[in-house]
Amino acid sequence: MAYSIQYLYISNMESRPAPIQSYSLFGESTHLPDVLHCETIAARSVLHDWELTPHRHSRLHQVLLVQSGGGTTSLDGATKPLTAGSLVNVPPGHVHAFRFTQGTSGWVATMADELLDAIFVQVGDVRSDLGRACVIQADASIHLVMQQIWQEFSGRSKARALVLRGLSATLLGWVARAMEDDAPTQTRLRESNLVQRFKTLIEEHYLQQWRVADYATALSVSPTHLSRVSRAATGESALRLIEARSMREARRNLAYTNLSIATIAYAMGYADPAYFTRVFTRDAGISPRAFRAQLSKQLQQEASSTSDG
């Protein structure tokens, strides 16, 4: 199944004035929810004089690998140098910017949160470990898997989507290992703090439509404190994190099942399908019906493109 840059990466790194822009791809394109995207560093940087201004992605995890050249990156306000072999891990919600030296080569792999949900099942604390934005030195294994991702993403071989999902999991595993020795003790402690416990509870209770107050009670903090800490750590309020997890499940059901919109709403704990539609539309920018129609149209176009090739 072939995917075009336009389906996953629309306006994702455009240079914009203050305030910091937060980009979300769902509702802005017709890509499948679990798409992986890979492009060269030069592909987007050259369009903006090799400088990408501060921005963040609410629903995307990015891994950038510098093959040659370098520059600097800003991760949540901290500027760090980039050299050949530098790997930048950018979890969802983290503000980042890049200034590359002209001619820098390498790749950027971008994974949507639906794909991450599927990968991070029964793998311990890996998701928490990868929730830290950092710059580390990539080893040979990371270089190899990034090259494989680029080659597979650029091609149209059979089982392409399956292979890309497997390579994505491998990449994240190697990155987590490389980050292990780099993580300071204080950061490791911080990764097991309130926000991580909150995210764990969301995974357990998002189908029950728990409110912020319910999570705050379970965590023995006030709703205001929970939202403040969540925003500081992720760039999103506690309510937004809860809704985002619920909407990821909604998009998956719309994409991969034939269930009616009302049935999906009830299964996700919404007593009123009309309210579910309003929440989804606010989140995605289009209604559930329009979202499903876009996916169906895209699948038909890709099927036609594959058969023609």
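The values are calculated or read from the model by the stated rules, or taken from the named source; none is laboratory data. Predicted model only: the values in this text are computed from it and were never measured. Methodologically, a virtual Cβ is constructed for each residue, glycine included, from the backbone with ideal geometry; neighbour enumeration extends over all protein chains shown.
The table that follows gives values for the structure above.
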read-out: Arg251 being under 30 Å from Ala133 (Cβ atoms), in contact with a helix residue (DSSP H, G or I) (Cβ under 8 Å, 6 or more places away or on another chain) and surrounded by 16 or more Cβ atoms within 10 Å (Cβ to Cβ); value: yes
read-out: Residue match in region 105-113 (condition: more than 26 Å from Arg252 (Cβ to Cβ) and either among the aromatic types (Phe, Trp, Tyr) or surrounded by fewer than 15 Cβ atoms within 10 Å (Cβ to Cβ) (or both)); value: yes
read-out: Of all residues in region 52-67 being in contact with a Phe, Trp or Tyr (Cβ under 7 Å, 6 or more places away or on another chain) and part of a strand (DSSP E or B), the one that is modelled with the highest pLDDT; value: Leu65
read-out: Within region 235-266, considering residues that are without any contact (Cβ under 8 Å) to a residue 40 or more places away in the chain and β-branched (Val, Ile, Thr), the one nearest to Phe198 (Cα to Cα); value: Ile264
read-out: Test: residue in region 104-116 that is more than 29 Å from Arg245 (Cα to Cα), among the hydroxyl-bearing types (Ser, Thr, Tyr) and not in a loop (DSSP other than H, G, I, E, B); value: yes
read-out: Residues (within 18 Å of the chain's Cα centre (by Cα) and surrounded by fewer than 17 Cβ atoms within 10 Å (Cβ to Cβ)) located in region 203-231; value: Glu203, Arg231
read-out: Verdict on Ala232 being in contact (Cβ under 8 Å) with a residue 40 or more places away in the chain and not assigned by TED's automatic domain parsing to the domain that holds Ile119; value: no
read-out: Meets criteria (in contact (Cβ under 8 Å) with a residue 40 or more places away in the chain and under 20 Å from Leu52 (Cβ atoms)) for Ala176; value: no
read-out: Residue tally, condition in a helix (DSSP H, G or I), modelled with pLDDT of 90 or more and more than 24 Å from Gly93 (Cα to Cα), over region 236-266; value: 6
read-out: Sole exception among (1) closer than 24 Å to Val121 by Cβ; (2) of a type in the set (Ser, Thr, Tyr); (3) at pLDDT 90 or above for Ser220, by number; value: (1)
read-out: Filter pass, Val163 being touching an Asp or Glu at 6+ places or on another chain (Cβ under 9 Å) and within 16 Å of Ala84 (Cα to Cα); value: no
read-out: Region 267-278: number of residues that are hydrophobic (A, V, I, L, M, F, W, C), in a helix (DSSP H, G or I) and either farther than 19 Å from His205 by Cβ or without any contact (Cβ under 8 Å) to a residue 12 or more places away in the chain (or both); value: 1
read-out: Hits in region 85-123 (condition: within 18 Å of Val46 (Cα to Cα) and in contact with a Pro (Cβ under 6 Å, 6 or more places away or on another chain)); value: Ala97
read-out: Those helices (runs of 4 or more DSSP H) lying entirely in region 125-203 with at least 3 residues assigned by TED's automatic domain parsing to the domain that holds His57, hydroxyl-bearing (Ser, Thr, Tyr) and modelled with pLDDT of 95 or more; value: none
